[in-house]
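Single-structure report; data block below.
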Amino acid sequence: MIRENVHRPMTTTDPIHRNPHLPFGDQQTSPFYGNDILTVNQFSRDDLVYTFGVAHEMREMVTRVGTFDLLKGKILGNLFYEVSTRTATSFATAIQRLGGSVIQINEVKYSSVAKGESLPDTIRTMEAYCDVIALRHPEVGSAALAARYASKPVINAGDGVGEHPTQALLDLFTIVEEQGHVDGLTITLLGDLRYGRTVHSLARLLSKFDVKVHLVSPPSLRMPANVMAEVLESGLSPTEHDTLNGVLPKTDVLYVTRVQKERFANPADYESVKSSYVVDEETMAMAKESMTLMHPFPRVNEIAMEVDADPRAAYFRQMGYGMYVRMALLAMVLGKA
Ligand code: CP
């Protein structure tokens, strides 16, 4: 189902901050009720304030009571054509924390996809049984295609090298929770900016804020031209760098990504860039005491495990925030937030 909130303009300069409070209930006038979530471009700053307010309430409720019946009787179809640990698990946990249930298809090779069933037919099958579908698929635009055929909300859980909007929303929520605000921050994205869909979505989302963004990558893994054009048009002026050293001391949030081995056509190209950056104790010694270190995970070798005990390492907390944000999104598209 595609509705009209796609590309709604920013409508407020409300500073997004920690701990906003919003009530739960039947709010079927929510702009996201019945909608797909396909791209971060659907979210204005007002929408982000709203979403994070709901996510914060979810966090409080989970802390207080663990599980509650806001979405009792609702069923999530978790349809994953690509591997996932965090996104699949946190969506499944999110619906169950809200009293609903999940149909999980992790290995499409054990579904009728293996017999040649098309994405539109698979989606229309899933929606016969489910109230909302989370879809991960290797092709850019697959979530939008699915949404054209579905009458129930489709949530993009990663479409190839395209977008990963729910990850970007939880990334921004993490920045708000860890730093207290977004405007005024210096944010550095490091690693595979070409194939990493999380950074494509996050850059688009950051372009709604008054932030300084540095992009650090090997020349062959620069941010794609279409994403750069979009963020430049939105008023963000990211600077591109080959090395981290020059920008690290001024960085408030360092967002590290894995080099996406599975997206390389030529293994030799992957081998030549796979160890371009490693954040270790030496790196952290040059960073601000208040810096937040993030990573969408999985990591391979981009952040040394010795850094995990550093209080600035927020990546495991980031995973936890993901469940609250996905609880909020499920409640919003199902008209209960
Ligand atoms: N961050 C993320 O998308 O992780 P998974 O691939 O494990 O879902």
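By the helix-only formula, in which each DSSP H run with n ≥ 4 contributes -39500 (n - 2.57) and the sum is divided by residues, the chain has a 222 nm mean residue ellipticity of -10500 deg cm²/dmol.
Could you check which residue among Leu76, Leu232, Leu48 shows the biggest mean-square fluctuation in a GNM of the chain with a 10 Å Cα cutoff? Judging by the Gaussian network model, the answer is Leu232.
Which value, in debye to the nearest 20, describes the size of the charge dipole of the chain about its Cα centre when Lys and Arg Cβ atoms bear +1, Asp and Glu Cβ atoms bear -1, and nothing else is charged? Before the final figure, lay out each step's value.
Values: 33 positive and 40 negative charges, 153 e Å.
Computed charge dipole of the chain: roughly 740 debye.
Here is the P(r) of the chain: all C-alpha pair distances, binned every 20 Å from 0, give 32, 59, 8 in whole percents.
Total lysine pairs in the chain at Cα distances under 22 Å, for residues eight or more apart or on different chains: 11.
Per residue, the Cα convex hull of the range 57-209 amounts to 127 Å³. Over the range 158-230, all Cα pairs binned in 5 Å intervals from 0 give whole-percent P(r) values of 3, 17, 28, 28, 17, 7, 1, listed from short to long.
Evaluated with a Cβ-only charge set (Lys, Arg +1; Asp, Glu -1), the range 166-319 carries a dipole of roughly 420 debye about its Cα centre, given to the nearest 20.
Normalised by residue number, the volume inside the convex hull of the Cα atoms of the range 166-319 is 103 Å³ per residue. Taking the C-alpha atoms only, the angle from helix 45-65 to the longest principal axis of the chain is near 80 degrees. Relative to the longest principal axis of the Cα atoms of the chain, the long axis of helix 165-179 makes an angle of roughly 60 degrees.
Rolling a 1.4 Å probe over the protein heavy atoms of the chain, with every protein chain left in place, gives an accessible area that is 52 percent carbon and sulfur.
Would you kindly give the portion of the calculated P(r) for the range 231-337 that falls above 23 Å, as a percent of all Cα pairs?
Values: 2564 of 5671 pairs.
When every Cα pair of the range 231-337 is considered, 45 percent fall beyond 23 Å.
The values are calculated or read from the model by the stated rules, or taken from the named source; none is laboratory data. Nothing here was measured: the structure is a model prediction, and the numbers come from that model. Backbone-built Cβ (ideal geometry, glycine too); neighbour counts: all protein chains shown. Heads up: the accessible areas ignore ligands, DNA and RNA and are worked out on the full protein's heavy atoms, side chains in. Shrake-Rupley method; radii C 1.70, N 1.55, O 1.52, S 1.80 Å.
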